[in-house]
Amino acid sequence: MAEEASWFLLVGVLLMFMALARGPIARLPLTGAMIYLVVGVIVGPGMLGLVHIDLVQHASTLAVLAEAGLVVSLFSVGMHLRVRLRDRLWRLPLRLGVLSMVLSVALMFAFGRAMGAAPGVALFLAATLAPTDPVLANELRVREAGDAEPVRFALSGEGGLNDGAALPFALLGLALCGLRVPGTQSAATFVLSLVWGFVGALLIGALLATLCVRVVLHLRTRYGEAVGLDGFIAIGLMSVTYGVALLLHAYAFVAVFAAGVALRHEELRATGERRPAEALETVQLGERAEVAKDPERAHALLAESMTGFTLEIEHFAEFSVLLVIGCVISAHWRDMLDARTALFALVLVFVVRPLSVLIAMTGAQADRQQRCLMAWMGIRGVGAFYYAVWGIALAGNALRPVLPAALDAIAISVLLHGSTAGGMLGRYYRRKEAQSAAVRGHMPM
């Protein structure tokens with residue numbers, strides 16, 4: 001009973017503190033992820049011992065928790081990317097989320113083999129460390145739907161893409177560890193499963209999101225039905241998309257991200273270049289039910305309501321998963337202090353990430369400062385944790401060495417990137433504003 005009361009008290013105090021101290025935290029080199037992680041370490045078995053986590057018994061549960069958090073985050077990120085699909089801006093997240101990730105996996109695999117790791121372990125570890133999580137640092141993500149600032153858009157899109165893009169490498173790593181993994185029987189079947197995994201995921205996400213929006217809007221604007229409970233629709237669409245993609249052996253994380261992008265694209269197609277916040281700025285709370293039936297504003301209201309709801313759920317998911325990761329770190333801190341294990345995280349953060357991004361961004365429409373920011377701001381978090389515990393749930397002790405390396409990468413990244421993001425991006429924005437002011441000053445009147 002005392003332990004239960006302690007948990008309720010801890011969660012309640014922490015949630016209230018984060019809500020009330022949001023302003024001061026934003027002005028300091030801190031992020032919510034940093035606070036949640038540290039609190040998790042403190043209450044974990046290594047310090048106060050309020051929670052005890054047996055990784056062997058609970059690996060599957062931890063994987064499901066991280067998986068649910070990723071699904072919500074990927075859908076939310078996708079809904080924030082309000083840019084037409086033919087826009088050249090999409091090339092930046094594609095370079096980061098696909099090309100840079102592949103280079104990162106290759107470089108980390110080579111380093112793992114050089115350190116003496118078995119091929120399967122080295123490849124699975126490389127895939128585990130590849131995904132980024134820009135949602136863990138608020139400064140890195142797009143601020144609202146329609147935000148087309150290149151650095152924020154690129155990092156947000158990267159995080160939406162590479163959680164799913166890392167899966168084929170993780171599956172291949174499992175196969176090299178001796179597990180029977182469908183689609184890895186031969187090079188030909190692996191290539192086919194890879195192509196279908198991505199193409200199928202994009203089709204599933206786009207089709208289900210488009211169908212959902214059109215059915216809901218048809219019922220609302222024609223018959224005045226299905227009004228309200230947009231949060232239910234959002235969670236339902238996420239769940240259906242993820243489930244269908246899993247059943248059809250497509251990459252489900254990619255499908256959920258694609259669903260978020262497609263849903264937002266439907267709103268963009270209907271609303272046009274005018275941002276949805278502008279279209280809804282005169283709507284009062286009591287008028288929302290009537291606006292939901294208005295053909296001219298119904299798309300904007302649905303998209304913005306779902307975006308707001310998923311953003312709130314995303315905050316709770318971040319809170320929960322980072323607390324759990326902190327508790328796991330508290331239980332495994334001795335393993336994390338091993339020099340060989342920590343070296344993987346240091347090489348990833350200081351060598352592999354910058355090098356892979358700078359190579360991938362060759363020829364891209366980004367200046368030197370933007371490329372350097374993208375190269376540095378590759379925060380690791382929920383994605384790396386998910387792959388680590390998922391691998392242990394499937395392969396057991398064969399992949400236990402992956403966990404401390406992943407935890408090292410998460411801890412170093414959350415603390416280091418979180419503390420530097422605000423200052424670096426602040427200088428970048430001030431430079432952009434100064435350049436814009438200089439351009440306006442030279443414009444003829």
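Of the residues that make up the stretch 333-343, is at least one touching a Pro at 6+ places or on another chain (Cβ under 8 Å) and part of a loop (DSSP other than H, G, I, E, B)?
Yes, the stretch 333-343 contains at least one residue that is touching a Pro at 6+ places or on another chain (Cβ under 8 Å) and part of a loop (DSSP other than H, G, I, E, B).
Considering only residues that are within 20 Å of the chain's Cα centre (by Cα) and assigned to a loop (DSSP other than H, G, I, E, B), which ones fall in the stretch 236-281?
Within the stretch 236-281, Ala250, Tyr251 meet the criteria.
So which residues in the stretch 157-187 are of a type in the set (S, T, N, Q), in a helix (DSSP H, G or I) and surrounded by fewer than 23 Cβ atoms within 10 Å (Cβ to Cβ)?
Once the filter is applied, which keeps residues that are of a type in the set (S, T, N, Q), in a helix (DSSP H, G or I) and surrounded by fewer than 23 Cβ atoms within 10 Å (Cβ to Cβ), the stretch 157-187 yields nothing.
Can you tell me which residue is modelled with the lowest pLDDT among those in the stretch 121-153 that are buried (at least 20 other Cβ atoms within 10 Å of the Cβ) and more than 23 Å from Val414 (Cβ to Cβ)?
The extreme case among them is Ala145.
Read through the list (1) closer than 20 Å to Pro131 by Cβ; (2) part of a loop (DSSP other than H, G, I, E, B), then give the number of the only condition that Gly46 fails.
Answer for Gly46: the failing condition is (1).
Within the stretch 251-264, is there a residue that is surrounded by fewer than 22 Cβ atoms within 10 Å (Cβ to Cβ), touching a residue at least 24 places away in the same chain (Cβ under 8 Å) and not polar (S, T, N, Q)?
No, every residue in the stretch 251-264 fails to be surrounded by fewer than 22 Cβ atoms within 10 Å (Cβ to Cβ), touching a residue at least 24 places away in the same chain (Cβ under 8 Å) and not polar (S, T, N, Q).
Just checking, which of Phe232, Phe190, Phe198 is assigned to a helix (DSSP H, G or I), surrounded by 17 or more Cβ atoms within 10 Å (Cβ to Cβ), without any contact (Cβ under 8 Å) to a residue 24 or more places away in the chain and of a type outside the set (S, T, N, Q)?
Phe190
Return a yes/no flag: does the stretch 374-385 have any residue that is under 29 Å from Val181 (Cα atoms) and out of contact with any Leu (no Cβ under 9 Å at 6 or more places or on another chain).
No: zero hits.
Exactly one condition in (1) surrounded by fewer than 24 Cβ atoms within 10 Å (Cβ to Cβ); (2) within 23 Å of the chain's Cα centre (by Cα); (3) over 26 Å from Ala388 (Cβ atoms) is false for Glu318; which is it?
Answer for Glu318: the failing condition is (3).
Which residue out of Leu280, Leu247, Leu285, Leu323 is farther than 22 Å from Gly157 by Cα, surrounded by fewer than 20 Cβ atoms within 10 Å (Cβ to Cβ) and at pLDDT 90 or above?
On inspection, the qualifying residue turns out to be Leu247.
The values are calculated or read from the model by the stated rules, or taken from the named source; none is laboratory data. The structure displayed is predicted, hence computed values, not measured ones. Every residue, glycine as well, gets a Cβ built from its backbone with ideal geometry; the counts of neighbours run over all protein chains shown.
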